[in-house]
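Chemist: Structure in structure tokens, see below.
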Amino acid sequence: MLSSLLALSVVAPQNAQSGLSVLVTGATGRTGQVLYNYLKVDHRVGGVRALVHGSGSGSPEERMKAKQALNCSACDSTEGIFYGDVTVPSSLTAAFAGIDTVAIAVASGSGSNSTMQKEIEFNGVENQAKLLVSGASDVSTKQVVLCSAMGTGSPQPPHPGLKDIMFWKLNAEAFLGASGIPSAVVKPCGIEGSYGRGGKKLLVGHDDELPHYEMISHEDLAAVMLEAIASRASGLRFDLCVGDGKPTTDLAELLEDARYPWDQSK
């Protein structure tokens, strides 16, 4: 009996009946860990899991990384902490079992080679989307929230080393838009702002036309992604940056403003 209960604790999202079940991939990254911790304390969310880059049940080094970023104890599946590689679908099965939503905060660095950039930025998103809806009788109950980047629509990215990364991010955005899976794609203009959460006016737009006053913070980016998850936003793809003016306090309104005019409810 005890072994059966332990098995259920691994497969079923924590508190799944009390709200959404969300998996954050790239959870030990600078945005991923903030989003994970925001989700853990949001009353609209039931179970939260984290996917940490690794294999099996995690090496001692991988578990220590998870402990430092996610404040876990055992840092294993009993606490919703899983280890896997988004380029290897078989390593993700346990993490995705029973999940409603995947928040993708995985990204390749500019120092990675072109093959790995494609595997992470494009194939990795495809792998995660496929696992999310695998066996689902109603795809409309699922959701993908992807952190991409502003500038994917430009043939000349701001830094030459980003060209392939931006190309594959754009392909991932297109894939989600055509997949039929409810999705929200958040495209920050840069994520090095150090002002914290809620201290700036946030700007939303499309087609890489937002002015670059200042880069957004990881905290504000995570807060916008959280709102997209909790509100079940779908059919949404927008640029996100920081502007001059009073700090933005209503993120639900911000997401409404992020829609194309013909798709807004106002």
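Chemist: Which residues make up the longest stretch of the chain that has no GluC sites (Glu not before Pro) in a DSSP loop with at most 12 other Cβ atoms within 10 Å?
Modeler: Between the exposed loop sites, the longest stretch runs 1-191.
Chemist: Related question: Can you quote the Å³ per residue value for the convex hull of the Cα atoms in the range 51-157, rounded to an integer? It would help to have the intermediate numbers written out before the result.
Modeler: Numbers: hull volume 14.0 nm³, N = 107.
Each residue corresponds to 131 Å³ of Cα convex hull volume.
Chemist: Only one of the values (i) 17.8, 60; (ii) 17.4, 48; (iii) 18.6, 61 was calculated from this structure for Rg and Dmax of the Cα atoms in Å; name its label.
Modeler: (i)
Chemist: As a test of the formula, what do you get for the chain when each DSSP H run with n ≥ 4 contributes -39,500 (n - 2.57) and the sum is divided by the residue count, at 222 nm and rounded to the nearest 500 deg cm²/dmol?
Modeler: Value at 222 nm, helices only: -9500 deg cm²/dmol.
Chemist: Now a separate question. When a footprinting reagent is the concern and you count Cβ atoms within 10 Å, what order do Lys246, Lys130, Lys142, Lys200 take, fewest first?
Modeler: In increasing order of surrounding Cβ atoms, one gets Lys246, Lys130, Lys142, Lys200.
Chemist: Only bridges with both residues in the chain count here: give the DSSP antiparallel percent, nearest 5.
Modeler: Taking every DSSP beta bridge with both residues in the chain, the antiparallel ones total about 20 percent.
Chemist: Taking the Cβ of each residue in Tyr195, Tyr83 as the centre, tally the other Cβ atoms inside 10 Å and list the residues starting with the fewest.
Modeler: With the sparsest Cβ surroundings first, the list reads Tyr195, Tyr83.
Chemist: Here is a further query. Of the cross-linked pairs Lys65/Lys187; Lys118/Lys200; Lys40/Lys118; Lys169/Lys246; Lys40/Lys187, which ones have a Cα-Cα span greater than 25 Å in the structure shown?
Modeler: In this structure, Lys65/Lys187; Lys118/Lys200; Lys40/Lys118; Lys169/Lys246 lie more than 25 Å apart at Cα.
Chemist: Can you put Tyr38, Tyr260 in order, fewest other beta carbons within 10 Å first?
Modeler: Tyr260, Tyr38
Chemist: Now for a different question. Based on the Cβ-Cβ distance of Ser140 and Gln264, what FRET efficiency does E = 1/(1 + (r/R0)^6) give at R0 = 22 Å, to the nearest 0.05?
Modeler: Working: r = 21 Å, r/R0 = 0.95.
The calculated FRET efficiency here is 0.55.
Chemist: How many percent of the alpha carbon pairs in the range 40-91 exceed a separation of 14 Å?
Modeler: Working: 657 of 1326 pairs.
Of the Cα pairs, 50 percent sit more than 14 Å apart.
Chemist: Subtract the Cα-Cα distance of Tyr195 and Asp76 from 0.36 nm times their separation in residues, and report this length gain in nm to one decimal. Don't jump to the answer; show the numbers that get you there.
Modeler: On the way: separation 119, 0.36 × 119 = 42.84 nm, distance 3.23 nm.
Stretched fully, the Tyr195-Asp76 segment lengthens by 39.6 nm.
Chemist: Roughly speaking, what is the centre-to-centre gap between the range 240-262 and the range 196-212 when only Cα atoms are used, to the nearest Å?
Modeler: One Cα centre to the other: 8 Å.
Chemist: Still on this structure, I have one more. Sticking with the crude label model, points 7 Å out along Cα→Cβ, report the distance from Ser154 to Ala94 in nm, one decimal please.
Modeler: 4.3 nm
Chemist: Then there is this: If pairing requires two Cys Cβ atoms under 4.7 Å apart, which cysteines of the chain are left without a partner?
Modeler: When partners are defined as cysteine Cβ atoms under 4.7 Å apart, the chain leaves Cys147 without one.
Chemist: I want to check the label-to-label distance for Asp244 and Met64. Put each point 7 Å from Cα in the C-beta direction and report it in nm to one decimal.
Modeler: Label at Asp244, label at Met64, 4.8 nm between them.
FYI, it's all coordinate maths here, none of it is from the lab. As the structure is a computational prediction, the values presented were derived from the model and not from experiment. Because the Cβ atoms are built from the backbone with ideal geometry, glycine has one as well, and the counts that use them run over all protein chains shown.
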